[in-house]
Amino acid sequence: MSDAWRPACRLALAVALAMLTILTLKFPHLFRAMLAVSLLANLPTFRRSTMRQRLILVWVAGAMGSVVEALFLDAPWLYVPSYMLLIFGTMALASRSRDAATMTLLVYGLSGSLISGKIADSAPIMGGFYRTLAVTIGIFAAAAAFYIIPLRKGYRPQLPEPVNFRSRETFFLGFVGVCCLIAGHTLVADNKVFVIMGGIPWAIQLLSASRPALMARLTGAVLGSIVAFFTLSVLSASTNNVAVYLSVICLIMGTIGYLGYRFPSFKPGCAQFAVCFMIPTGMLPGPIRNFHQVLSIIEAMWIGIILASLLYFLHQWLLSVEKIVEDSGRTQTGG
């Protein structure tokens, strides 16, 4: 199996395993598992110790989120600052000598994102448990895919550089999370979770990725949204068979995985394509005819991305002003 087809097949297999597991369990957090599995199965390497760390962090963050939600969900003036502290704490915890993928993984299981459904609306603690369980299923599905289709012997990929965000940067992520929470509740209340899922991971990339990678990711985000909408349109007009739906999703993800490894410059864009494709399609148990729902999910996701981008430009502007003031102070002191 070639170097490009091996990870492509692994990604498609991981997506199929996660989707089958979630559909069998029948609880409303499919998109979280699909986001987690598409993120991890698309990484260039697999390390058991790193996966164990990620799993532990996911459950720690899930427990913190459940407590915050249980205590403050009915008190908005307390919930908003506590949610900001939650994002700040979990991002600071995950950023210590770890990669951006670990930080993004925690976002997929965090609180502040209750969705319609009996399980999610019944109790914050149980809702947090099921969200974390969905991400865990994605982790195990990705791990299983790496065992079934292992890395080629002797293959030594370039590992991602670890990130170690400063307090200022983790504070920025917490602020982005709160803004996404408020904007989502105000503009798209039924789908506010997708504002958060689009905004905070994009903010992580803004802080850690290079400009060419960001441009590739932006292109991938646009294409992923378009392909998601047209895929659901064709499937809902042609069939309501879950097996067909699963096969098409896996084929698209496998193709994206192949392109990412066949053309390394495309990989950041392919990674973002997977996110923006999975957010609207990974939530659904099968093809639906409610295009308004799909468009609302995509709209919410892009509200998060645009909001995070605007806040990032503001953040950079404040940093430049601060630097000018500091340089001016040094000049006056030296004079």
Legend entry - Intensity falloff of the range 170-289 expressed as log10 I(q)/I(0), Debye formula with alpha-carbon point scatterers, at q = 0.15, 0.22 Å⁻¹: -0.77, -1.21
Inset, instruction - Would you mind ranking TRP77, TRP302, TRP202 by Cβ crowding within 10 Å, fewest neighbours first? - result: TRP77, TRP302, TRP202
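At a 10 angstrom cut-off on C-beta neighbours, averaged per residue, how do the peptides 260-267, 273-280, 179-186 rank from highest to lowest? Numbers along the way, then the final one.
Working: 260-267: 16.5, 273-280: 26.2, 179-186: 20.5.
Result, highest mean first: 273-280, 179-186, 260-267.
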Legend entry - Exposure proxy order (Cβ contacts within 10 Å, fewest to most) of THR331, THR231: THR331, THR231
Legend entry - Given charges at Cβ of Lys, Arg, Asp, Glu: the range 5-334 dipole, positive-most of PHE171, THR136, MET301: THR136
Inset, instruction - Would you kindly compute the Cα radius of gyration of the range 5-334 and its largest Cα-Cα separation (Dmax), both in Å? - result: 19.6, 74
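Every read-out reported here was derived from the displayed coordinates using simple, explicitly stated rules and does not represent laboratory data. Because the structure is predicted, anything quoted here is derived from the model rather than measured. Here Cβ is always computed from backbone atoms with ideal geometry, including for glycine, and neighbour counts include all displayed protein chains.
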